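All remarks here apply to the structure that follows.
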There are 2 protein chains.
Amino acid sequence: MVPLYLRAHSDDNVAIIVDAEGVRAGARDGGGLTVREFIPQAQKVALTSISAGDPLVRYGQTIGYANRVIEPGRWVREEMIDLPAAPSLDDLPLATAVPAPLPPVDGDTFGYTFEGYRNAEGSAGTRNLLGITTTVQCVAPTVEYAVRRIKSEILPRYPNVDDVIAVTHGYGCGVAIDAPDAAIPIRTLRHIARHANFGGESLVVSLGCEKLQPGRLLSPDLPVLEDVIRLQHAHGFAESVAQILRAAERKLEILNRRRREPCPVSQLIVGLQCGGSDAFSGVTCNPAVGRAADLLVRAGATVLFSEVTEVRDAIHLLTPRCINADVARALIREMRWYDQYLARGSADRSANPTPGNKRGGLANIVEKALGSIAKAGSSAICGVVGHGERVQERGLIFAATPASDFICGTEQLASMNLHIFTTGEGSPYGLSMVPVVKISSRTALAEKWHDLIDIDAGRIATGRATIDDVGREIFEFVLDVASGRKKTWAEHWGLGNALVPFNPGPVT
Amino acid sequence: MVPLYLRAHSDDNVAIIVDAEGVRAGARDGGGLTVREFIPQAQKVALTSISAGDPLVRYGQTIGYANRVIEPGRWVREEMIDLPAAPSLDDLPLATAVPAPLPPVDGDTFGYTFEGYRNAEGSAGTRNLLGITTTVQCVAPTVEYAVRRIKSEILPRYPNVDDVIAVTHGYGCGVAIDAPDAAIPIRTLRHIARHANFGGESLVVSLGCEKLQPGRLLSPDLPVLEDVIRLQHAHGFAESVAQILRAAERKLEILNRRRREPCPVSQLIVGLQCGGSDAFSGVTCNPAVGRAADLLVRAGATVLFSEVTEVRDAIHLLTPRCINADVARALIREMRWYDQYLARGSADRSANPTPGNKRGGLANIVEKALGSIAKAGSSAICGVVGHGERVQERGLIFAATPASDFICGTEQLASMNLHIFTTGEGSPYGLSMVPVVKISSRTALAEKWHDLIDIDAGRIATGRATIDDVGREIFEFVLDVASGRKKTWAEHWGLGNALVPFNPGPVT
């Protein structure tokens, strides 16, 4: 039987309604709570008598303060809740409660493997792609035109190559390229140009006069070894396209010789993200992904959690989990940088929640953040990387990104070769460069979006599965998808959201 | 015979080398100047003896100060020139030299016409397009998938419709949507959604949970009348696509009944832009476009010039030309806003020039700006609109935009139904929503990019045509293209750069 409500923690004085139809006034649970008014699914019910000024507690944490008396059984609506101040960044505990290393999965000390494409520099691909990188948006339509022709005329002769990707973006010129913050989009695009799924064979198309010259894009210290085609050197459009086609064919011949082989799970870098979250996200899909994250870490993988404004209000729960004080300080540094960035634009972290989040029962950014960090599981935080940097460490890593789905995904592509995306309201998001595994917070969404959602974590809310069950299922599915044995729905339909590099610097 | 150099103004003490091969040491002009060293095309030669600290004068204006002695005939390189301070915004002359109204073209008091698609609200289309607007990037791949199917399966049955456009962008969620600067991308997208080339029939695809809700995107005060499809209401991907296809077919039936009819040139709104400029731009293509702009204004059209950082250093030449003090003050307001915006990101207008600009002979932003404003011709400046606002006035208008090609084009799309793009280094830029007429500053580029450049203004440098000749040619070509009698090269190849709305506000 579907429970009346779901309480995330034994200290909570609010819980969320489970039934998709909502709950009518007069409904009672076993413990004697009587619901006083109709409350829709995912919205909060008061479990105890709450006075004005009392903390409202979910996940065992204060998500806000009641600004009026709230009787037990009442609908606790957004406007009854005052937003608390964000935790101070000045006196946080640093590495004071570091989780012990988790044991290998199933006691398998040799570690799990997946079938990947090994790269010379030590990484592994989950897909075998030809990537055509662009230095500037001016050349994007030319490259897209060429890619359409490559896909229809040339790619069919190279069946071991999965796809050809035009790595286009809205950056590269018309920007203050020496401004301090320009480093972020540039390094993001640099790492994407050398993505593990491109097998070390990426091709670069440049205009010629742009600010983001190929040398600047690809290598602050290394020589530029990639094939670079400059359109301003070509004799017009048809010749430009012909040149790209010839270069692509050379690359496809090389890529077509690659084969999958067993790779240690330590070559898997999994980016975690949530988008269109609801109040279930923090008790179903996100903790299930957290369990999968623990399994991945135990099997040797790297797992990225991100989205600064969705960890900011839970920072006091994360700094103690950092493996040492330096990592904790790096985490605080990223929070502080983003606080200042938002303040420069007359905003703060309270600007994060969307209309859909609120309709889905998330009253404010504190409640959203507490649910969001459940994705990070329970292992120690082993490292922190800044916006668009490539991860070097193994284990659980905080990779700073905005929370914006497409910007977060773009920055995680600097490192990840597989993406897990949880959603409550539903998003048909996908990426061309890596498989995106989509997990729903509610069964109703998984049923409605039967051809978009890969795994339904809503079964946890209705008692049909445990967090452990779904966590294990995600873990196994990730290994299947990484190995090419299974495809995600986003891959099935070919859904690839355009890259949107984070550019906090000015455009000119 | 090709002249040795091109002097833009009789007061100038520097000029640019014309010959594509450059000029060797020892070359002499008729007036007795001997070139002292090899100077490449488009680079500057000193015409007189210049002392350290002397102003370097081009276009009759100081483009910088010599930081060393420069002998006549020497190559005046970038590093010899100190950048002057930008003109102060505090004591500019306001509307002190307003040009007299220009006479109608050819004395035709009834005005020119073009063959356009008349819209109910008084505007006219230059193309007949079905536009499918998106509120948020999450839905972009779904809409692009649907548009591919519409184009191949449905559009062929509606031959009077030119194309189907997925109006996708990287905005709509993950942003501080109530931050003051968020108004800019929102109004840009609002006006684009109701573009004159969509014939009042645009369709909107929304996710459902996004920050930029359809009501917020489309109407601060009007009711939302457009067809809106919300993917979160649909039962999965295949049904979402089917729903978009059905709605598109309804719209195509209506659009297919439209026919071109004579429209007054006052319904033409022409956006001007330069991209990849060189030192010829300011003496060939830009003044020719300026002459075409004068003709268009005289025929009743609206002409937009833009690119704040490329008018900033010439602002003292523009405020006197404003039709009244209010317009001049609005122009100054846009300069000041952008100065502050750049300063917030630790940059200023000197960040504008690109490596290609400099290779092409533009020493700094002052020289670039003086060449850029030549596009604005010689008529009075009748109005100023802020970033992404839709123009209401007729005549020559300053529409504030960044100088970034793709961002400027996106903001001009809020108003324009035809685009003129001048280039020195060459850019294969195009837009899906309006024809883009491309004009080269040099003949060498027009010859090399024979299938991208529509009009060669380089003939002006070599004496094969006058500014008047090319200006008239552009004017006639614009009317032909607007009327659908001719296509631009960008249209021929289907080159459409993605929209990049200017977002000075923070992402969350």
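Okay, residues lined up against (1) under 26 Å from the mean Cα position of the chain (by Cα); (2) of a type in the set (Ser, Thr, Tyr):
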position	(1), (2)
B:63	yes, no
B:73	no, no
B:76	no, no
B:81	no, no
B:92	yes, no
B:96	no, yes
B:100	yes, no
B:124	yes, no
B:149	no, no
Problem - Filter result for residue B:247 (modelled with pLDDT of 95 or more and under 25 Å from residue A:446 (Cα atoms)) - result: no
Exercise for the section: Those residues that are facing chain A (nearest Cβ under 7 Å) and under 18 Å from the mean Cα position of the chain (by Cα), I need them from the range B:307-355; list them, please. Expected result: B:309, B:352, B:354
Exercise for the section: Look through B:212, B:245 and report the one residue that is in a helix (DSSP H, G or I) and aliphatic (A, V, I, L, M). Expected result: B:245
Handout entry: Condition broken by residue B:470, with the remaining ones in (1) part of a loop (DSSP other than H, G, I, E, B); (2) touching a helix residue (DSSP H, G or I) at 6+ places or on another chain (Cβ under 7 Å); (3) buried (at least 24 other Cβ atoms within 10 Å of the Cβ); (4) in the same structural domain as residue B:300 (by TED's automatic domain parsing) satisfied
Key = (1)
Exercise for the section: Would you mind stating whether residue B:432 is of a type in the set (S, T, N, Q), in contact (Cβ under 8 Å) with a residue 12 or more places away in the chain, more than 8 Å from chain A (Cβ to nearest Cβ) and buried (at least 24 other Cβ atoms within 10 Å of the Cβ)? Expected result: yes
Completion exercise
Across the range B:143-175, the tally of residues that are over 23 Å from residue B:406 (Cα atoms) and at the interface with chain A (Cβ under 9 Å from one of its Cβ atoms) stands at 1
Exercise for the section: Could you grab me the full set of residues in the range A:438-453 that are under 21 Å from residue A:357 (Cα atoms) and either in contact with a strand residue (DSSP E or B) (Cβ under 6 Å, 6 or more places away or on another chain) or in a loop (DSSP other than H, G, I, E, B) (or both)? Expected result: A:438, A:439, A:440, A:441, A:442, A:443, A:446, A:449, A:452, A:453
Practice task
Determine if the range A:494-507 includes at least one residue that is at the interface with chain B (Cβ under 9 Å from one of its Cβ atoms) and assigned to a strand (DSSP E or B).
Solution key: yes
Exercise for the section: Check the range A:279-295 and report whether any residue there is buried (at least 24 other Cβ atoms within 10 Å of the Cβ), within 14 Å of chain B (Cβ to nearest Cβ) and either farther than 25 Å from residue A:461 by Cβ or touching a Ser or Thr at 6+ places or on another chain (Cβ under 8 Å) (or both). Expected result: yes
Problem - All positions within the range A:307-343 that are farther than 25 Å from residue B:175 by Cα and of a type in the set (Asp, Glu) - result: A:326
Exercise for the section: Name, by its number, the condition in (1) more than 28 Å from residue A:273 (Cα to Cα); (2) not hydrophobic (A, V, I, L, M, F, W, C); (3) not in a helix (DSSP H, G or I) that does not hold for residue B:187. Expected result: (3)
Completion exercise
When restricted to A:446, A:465, the only residue within 14 Å of another protein chain (Cβ to nearest Cβ) and at negative phi is A:446
Problem - Options A:438, A:375: the member that is buried (at least 24 other Cβ atoms within 10 Å of the Cβ), charged (D, E, K, R), under 15 Å from the mean Cα position of the chain (by Cα) and within 14 Å of chain B (Cβ to nearest Cβ) - result: A:438
Handout entry: Residue in the range B:63-94 that is nearest to residue B:327 (Cα to Cα), counting only those that are among the small types (Gly, Ala, Ser) and in contact with a Lys or Arg (Cβ under 8 Å, 6 or more places away or on another chain)
Key = B:86
Fill in the blank from the handout: If we keep only residues of the range A:195-218 that are at pLDDT below 95 and within 16 Å of residue A:390 (Cα to Cα), then the residue nearest to the other protein chains (Cβ to nearest Cβ) is A:217
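The values are calculated or read from the model by the stated rules, or taken from the named source; none is laboratory data. Keep in mind that what you see is a predicted model, and the values were worked out from it rather than measured. Counting neighbours? That spans all protein chains shown, and the Cβs are built from the backbone with ideal geometry, glycine included.
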